[in-house]
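J.: If you scroll down you'll find the structure; I have some questions about it.
The values are calculated or read from the model by the stated rules, or taken from the named source; none is laboratory data. Keep in mind the model is a prediction, meaning the values are calculated, not measured. Positions of Cβ are backbone-derived with ideal geometry, glycine not excepted, and every protein chain shown enters the neighbour counts.
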Amino acid sequence: MISTAQRLVNLEDLHHAMRQGRDLLYPSQPKIMVGTATCGLAAGAEEVLHAVREEVANSQLPYQVTETGCIGWCSQEPLLDICIPGRPRVTYGRMKPGRAREIVRAIPEVKREWALAMMPGDENTLNGAHVNYCVPHNGHMDGLTAYKDLPLFKRQLRIVLRNCGIINPDSLEEYIARGGYHALWHALRKHTPEEILNEVKRSGLRGRGGAGFPTGMKWQAVRDAQGEPKYVICNADEGDPGAYMDRGVLEGDPHSVLEGMTIGGYAMGAHQGVIYVREEYPLAVMRMKQAIRQAEDAGLLGQSIFDSGFSFEIRVVKGAGAFVCGEETALIRSIEGKVGEPQQRPPYPAQHGLWGKPTCINNVESWANIAVIVQRGGDWFSQIGTAKSKGTKVFSLVGNIENTALIEVPMGTTLAEIVYEIGGGIPNARACKAVQTGGPSGGCIPADKFDLPVDYDSLNQAGSIMGSGGMIVMDDHTCMVDIARYFLEFLEDESCGKCFTCRVGTQRLKEIVTRISQGEGEEEDLDLLQDLGWLVREGSLCGLGQTAPNPVLSTLRYFRGEYMAHIRDRRCPAHRCRELITFEIDPVLCNGCGACVQICSGKAILGEKKKPHIITQAQCTKCGACLEMCKFDAVLVH
Amino acid sequence: MVHITMNGLAVEAERGSSLLEVARFYNFPIPTLCHEDGLNSYGACRLCLVEIGEAPKSKLVAACGYRVEEGMKVRTNSLRVQRARRLLLELYVATCPQSKRIQDLASEYGVRQCRYPVDGQPGAPWDPKTNCIQCGLCVRICAEQMMAGAIGFAGRGKSRHVARPFGMASEQCRQCGACLYACPVCELRCQASTAESLLCNGCLNFSPVCFQSYSDAMCFLEPCHACELSGPFRHEIGIKAHAPHDAGQKAAPSTGELK
């Protein structure tokens, strides 16, 4: 990590920093990179990094060891990359400290074992969404697939994630080397605020937080609003279960958010910015704070940036992790130190926001798009995507999917392409049942609707929402009633509780769905779910409540038969709802190995060795551990 | 002045006034539970929902906090509003069946069934843990009128409740009783023949109706609305003595989406 305390004032300074960054990105000595975003760390990247550092230090090798963000290949974490001059960058997956040491020792030879892919030449930009200022080492290696040919990356177009997993997030120079802060320089020195605003309008960018409000219109409203000072807020209160798009950007490319916000501030006439991050993202908070310090030292934040006379400062505010604080009015109250409860809109934050002043709130992903839009032009951006949804969208692809990944695809990519091509399909040769998009506010889209293009309007019509980008894939062992119950449980806790429909409505919805999942439901309950769902959607104050019934309503719409099976036949077709299933051991298939006896926490399985075992139903907690343990398929579920 | 259309009527309203104020000024009834003049609007009870805009983009908003805008179209009693109100009151009855005010509103707006199970007996004493509707009137009157701020909301979602700081007696509390005064639901419902049933207006199904046979067992304050409905006004509103249990539900569409 090198930090120049020099102030960047003009384009020459920027070019100088770029050269420094290029030397860091592609040094003349071998370089080893370890992906240390939260996803990598959780998989053990810290041990790998430690082992690599130790190996390099012990052998006194002249190699550089750096950290990098998440390239999105989550199923293969921890990832290790080596860049040897004259050769393509090679990525290794599922690293362990021992293996990492072997790879380091093998340098300058490139070890083929455990290698996943290579990144030759200018593919470093991953599909060229980015002006490539940086010419990396060229070269090719037989027998290794290039990133651009991998199914996971082939269809991706990485604008927001342009630098994630490529640069060292702690290095300002590396960000600049990949074209960073050039957009800011152009905006401040070559364009008027109106021109920037028009460029954003022309791009057709819509808010990436989920609702899809046109960003340009929002900016115009803030610019036109009366009141000083104006504020710019980055909403990084990401809380959907299974979603980590914002975290990926904050941890992998913090400067892209700062640059976007500064350009936004310039366009709207704001001089102060706030990044609202949840406390649960300690690494993101740390990296953002460090990036702000670096930008301030380099004069990219603060007084008269690039000698343009425009001043801008950004601070980080940590949220306590309430889901509802992702709602903009609740978020503002949280920053003000009040209880995070939504307020009636209008007045909208654009007129009456933080401290009662005009405020622009955009999601992390929206901000990360801005620099590229300014650099490449709104027209270029608007060519990507569909008629009404422009650009790309980042998704976290999780659940029953082969390639768990953080991906970025052009709007309009179909669900089938995402699940089967990028995601690699469902593990264990199971059938895909549905995809849940948009988190607790979204809905489930069944597999027979997978030709649906992913954009704001198509997803809305299908009863779901784009949301911030969580995408949970579910196989045929998933019970949709159970899924609805899970999300309602989440929502009844996370509803702020201010308005009656949302607080009591989610509780009652959960009560009814729980009753159904326990086999105690009646057919009239489905009408009641429809009625109550309608009320909660129509009558709630904020976006959380208005979308809270979506998990129930969408599963009811597409999987009514499954609800009916629970009600009429008292049966759970997916064998998930504990009250409706029984575990038994087939006396013919059971060879009495005793593995299930060991794992059973309720001590419900009895039997002598080498003789068929029996499950005592009264003691069975129906956890399913025996089912997973049995190698002879002797445990049956009814 | 701002010009708006309310229920098809062109009306004038003062700039900055809320839809609720305008509607009440022109005598369009809108029920509320969390609104009191003199306190900031809160928008928690959702009973004051009105429909604004034009189909297909019309939406329901809480009238108490929504300021009038030039040219806006408001409907205070559309089918959509009626349906929302009825479903809301059904939910309210299930939350706090003891309250006379809620029972009265339920009778008035035609709630004739309550499909939710209720914890405990409807006749059981009022329990703030389960029966509080969290309208926030007590919290606001304490802070805004009594300048004390001795109580507030604690917790979130299903565990949200009105509480004193740290659950201890507060020095800020002067025991003025304004919170009790403001509470819309701690007034007991009619204790007559149908006190065990969830809906007070269950007596509409009896003949003779309760107030004829239990004339001394009335509500202790004012006659309950159900009694009024079953009394001299019953012919006017067309409820028969042996009204089917869900007469009100059938009168207005309750299933299918109203757009």
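J.: Output the number of the condition that A:Cys74 fails; it satisfies all remaining conditions of (1) at pLDDT 90 or above; (2) surrounded by fewer than 24 Cβ atoms within 10 Å (Cβ to Cβ).
T.: The failed condition is (2).
J.: Taking the condition modelled with pLDDT of 90 or more, touching a strand residue (DSSP E or B) at 6+ places or on another chain (Cβ under 6 Å) and crowded, with 18+ Cβ neighbours inside 10 Å, does A:Leu80 pass?
T.: On the way: modelled with pLDDT of 90 or more: yes; touching a strand residue (DSSP E or B) at 6+ places or on another chain (Cβ under 6 Å): yes; crowded, with 18+ Cβ neighbours inside 10 Å: yes.
For A:Leu80, the condition - modelled with pLDDT of 90 or more, touching a strand residue (DSSP E or B) at 6+ places or on another chain (Cβ under 6 Å) and crowded, with 18+ Cβ neighbours inside 10 Å - is met.
J.: Are there any pairs with C-beta distances below 8 angstrom linking a residue in region A:278-291 that is of a type in the set (Val, Ile, Thr) to a residue that is crowded, with 23+ Cβ neighbours inside 10 Å, with the two at least 6 apart or on different chains, and if so which?
T.: These pairs meet every condition: A:Val285/A:Val277.
J.: If A:Gly210 meets every condition in (1) at pLDDT 95 or above; (2) crowded, with 21+ Cβ neighbours inside 10 Å; (3) under 20 Å from A:Leu406 (Cβ atoms) apart from one, which number is that one?
T.: Of (1) at pLDDT 95 or above; (2) crowded, with 21+ Cβ neighbours inside 10 Å; (3) under 20 Å from A:Leu406 (Cβ atoms), only one is false for A:Gly210: (1).
J.: Name the single residue that is nearest to the other protein chains (Cβ to nearest Cβ) among those in region A:505-552 being part of a helix (DSSP H, G or I) and in contact (Cβ under 8 Å) with a residue 60 or more places away in the chain.
T.: This residue is A:Leu544.
J.: For region A:440-474, which positions are in a helix (DSSP H, G or I), farther than 23 Å from A:Pro214 by Cβ and over 17 Å from the mean Cα position of the chain (by Cα)?
T.: Listed by number, the residues that qualify are A:Ala447, A:Asp448, A:Lys449.
J.: Do the conditions hold for A:Pro358, that is, is it surrounded by 24 or more Cβ atoms within 10 Å (Cβ to Cβ) and either more than 29 Å from A:Ala298 (Cα to Cα) or in contact with a Pro (Cβ under 9 Å, 6 or more places away or on another chain) (or both)?
T.: yes
J.: I want to confirm something. Restricting to region B:101-119 and keeping residues that are of a type outside the set (Asp, Glu) and crowded, with 23+ Cβ neighbours inside 10 Å, which single residue is farthest from the other protein chains (Cβ to nearest Cβ)?
T.: Taking the candidates together, the pick is B:Ser107.
J.: So how many residues does region A:168-204 have that are out of contact with any Lys or Arg (no Cβ under 6 Å at 6 or more places or on another chain) and assigned to a loop (DSSP other than H, G, I, E, B)?
T.: The number of residues fulfilling the criteria is 9.
Every residue, every condition in (1) more than 14 Å from chain B (Cβ to nearest Cβ); (2) within 19 Å of the chain's Cα centre (by Cα); (3) more than 30 Å from A:Cys479 (Cβ to Cβ), yes or no:
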site	(1), (2), (3)
A:Gln344	no, no, yes
A:Pro349	yes, no, yes
A:Asn403	yes, yes, no
A:Leu415	yes, yes, no
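J.: Select from region B:51-81 the residues that are more than 12 Å from every other protein chain (Cβ to nearest Cβ) and either under 19 Å from A:Gln546 (Cβ atoms) or surrounded by 18 or more Cβ atoms within 10 Å (Cβ to Cβ) (or both) and list them in ascending order.
T.: B:Gly53, B:Ala55, B:Pro56, B:Lys57, B:Val74, B:Arg75, B:Thr76, listed by residue number.
J.: A:His477 fails exactly one of the following numbered conditions: (1) in contact (Cβ under 8 Å) with a residue 12 or more places away in the chain; (2) surrounded by fewer than 23 Cβ atoms within 10 Å (Cβ to Cβ); (3) part of a helix (DSSP H, G or I); (4) away from every other protein chain (no Cβ under 11 Å). What is the number of that condition?
T.: A:His477 satisfies all of (1) in contact (Cβ under 8 Å) with a residue 12 or more places away in the chain; (2) surrounded by fewer than 23 Cβ atoms within 10 Å (Cβ to Cβ); (3) part of a helix (DSSP H, G or I); (4) away from every other protein chain (no Cβ under 11 Å) except (3).
J.: In the set A:Gln156, A:Gln220, which member is within 16 Å of the chain's Cα centre (by Cα), more than 27 Å from A:Lys289 (Cβ to Cβ) and not hydrophobic (A, V, I, L, M, F, W, C)?
T.: A:Gln156
J.: Can you find, within region B:82-95, the residue that is nearest to B:Pro117 (Cα to Cα) among those that are within 11 Å of another protein chain (Cβ to nearest Cβ) and not hydrophobic (A, V, I, L, M, F, W, C)?
T.: First, the residues of region B:82-95 that are within 11 Å of another protein chain (Cβ to nearest Cβ): B:83-92, B:94-95.
From what's left, not hydrophobic (A, V, I, L, M, F, W, C): B:83, B:85-86, B:90, B:92, B:95.
Numbers: B:Arg83: 21, B:Arg85: 19, B:Arg86: 17, B:Glu90: 11, B:Tyr92: 12, B:Thr95: 10 Å.
So, considering only residues that are within 11 Å of another protein chain (Cβ to nearest Cβ) and not hydrophobic (A, V, I, L, M, F, W, C), the one nearest to B:Pro117 (Cα to Cα) is B:Thr95.
J.: Right, something else. May I ask you to verify whether A:Asn369 is part of a strand (DSSP E or B), at negative phi, of a type in the set (S, T, N, Q) and in the same structural domain as A:Gly260 (by TED's automatic domain parsing)?
T.: no
J.: Hey, does region B:138-151 have a residue that's crowded, with 23+ Cβ neighbours inside 10 Å, away from chain A (no Cβ under 14 Å) and in contact with a helix residue (DSSP H, G or I) (Cβ under 7 Å, 6 or more places away or on another chain)?
T.: Among the residues of region B:138-151, at least one is crowded, with 23+ Cβ neighbours inside 10 Å, away from chain A (no Cβ under 14 Å) and in contact with a helix residue (DSSP H, G or I) (Cβ under 7 Å, 6 or more places away or on another chain), which makes the answer yes.
Residue-by-condition table, conditions (1) touching a Phe, Trp or Tyr at 6+ places or on another chain (Cβ under 8 Å); (2) surrounded by 20 or more Cβ atoms within 10 Å (Cβ to Cβ); (3) part of a helix (DSSP H, G or I); (4) outside the structural domain of A:His191 (by TED's automatic domain parsing):
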{"residue": "A:Ile314", "(1), (2), (3), (4)": "no, yes, no, no"}
{"residue": "A:Thr329", "(1), (2), (3), (4)": "no, yes, yes, no"}
{"residue": "A:Ile332", "(1), (2), (3), (4)": "no, yes, yes, no"}
{"residue": "A:Val339", "(1), (2), (3), (4)": "yes, no, no, no"}
{"residue": "A:Pro342", "(1), (2), (3), (4)": "no, yes, no, no"}
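J.: Out of the residues in region A:276-332 meeting the condition of being away from every other protein chain (no Cβ under 14 Å) and of a type in the set (Val, Ile, Thr), tell me which one is nearest to B:Gly157 (Cα to Cα).
T.: Filtering first and then ranking leaves A:Ile332.
J.: A further question follows. If we keep just the residues of region A:553-584 that are among the aromatic types (Phe, Trp, Tyr) and not in a helix (DSSP H, G or I), which is surrounded by the most Cβ atoms within 10 Å (Cβ to Cβ)?
T.: The residue in question is A:Phe583.
J.: Determine which member of the set A:Leu491, A:Leu452 is among the aliphatic types (A, V, I, L, M), touching a helix residue (DSSP H, G or I) at 6+ places or on another chain (Cβ under 7 Å) and in the same structural domain as A:Leu541 (by TED's automatic domain parsing).
T.: None of the others qualify; the one that does is A:Leu491.
J.: Considering only residues that are outside any strand (DSSP E or B) and among the aromatic types (Phe, Trp, Tyr), which ones fall in region A:222-246?
T.: Answer for region A:222-246, where residues must be outside any strand (DSSP E or B) and among the aromatic types (Phe, Trp, Tyr): just A:Tyr244.
Residue-wise test of (1) buried (at least 19 other Cβ atoms within 10 Å of the Cβ); (2) part of a loop (DSSP other than H, G, I, E, B); (3) out of contact with any strand residue (DSSP E or B) (no Cβ under 6 Å at 6 or more places or on another chain).
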residue	(1), (2), (3)
A:Val374	yes, no, yes
A:Asp379	no, no, yes
A:Lys388	no, yes, yes
A:Ser396	yes, no, no
A:Glu408	yes, no, no
A:Ala416	no, no, yes
A:Glu421	no, no, yes
A:Asn428	no, no, yes
A:Lys433	yes, no, no
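J.: Keeping to region B:154-170, report how many residues are more than 10 Å from chain A (Cβ to nearest Cβ) and either exposed (fewer than 13 other Cβ atoms within 10 Å of the Cβ) or assigned to a strand (DSSP E or B) (or both).
T.: Summing the residues that are more than 10 Å from chain A (Cβ to nearest Cβ) and either exposed (fewer than 13 other Cβ atoms within 10 Å of the Cβ) or assigned to a strand (DSSP E or B) (or both) in region B:154-170 gives 6.
J.: Another question, if that's okay. Take the conditions surrounded by fewer than 23 Cβ atoms within 10 Å (Cβ to Cβ), in contact (Cβ under 8 Å) with a residue 40 or more places away in the chain and touching a helix residue (DSSP H, G or I) at 6+ places or on another chain (Cβ under 6 Å) and apply them to A:Ser256. Does it pass?
T.: Against the criterion (surrounded by fewer than 23 Cβ atoms within 10 Å (Cβ to Cβ), in contact (Cβ under 8 Å) with a residue 40 or more places away in the chain and touching a helix residue (DSSP H, G or I) at 6+ places or on another chain (Cβ under 6 Å)), A:Ser256 does not qualify.
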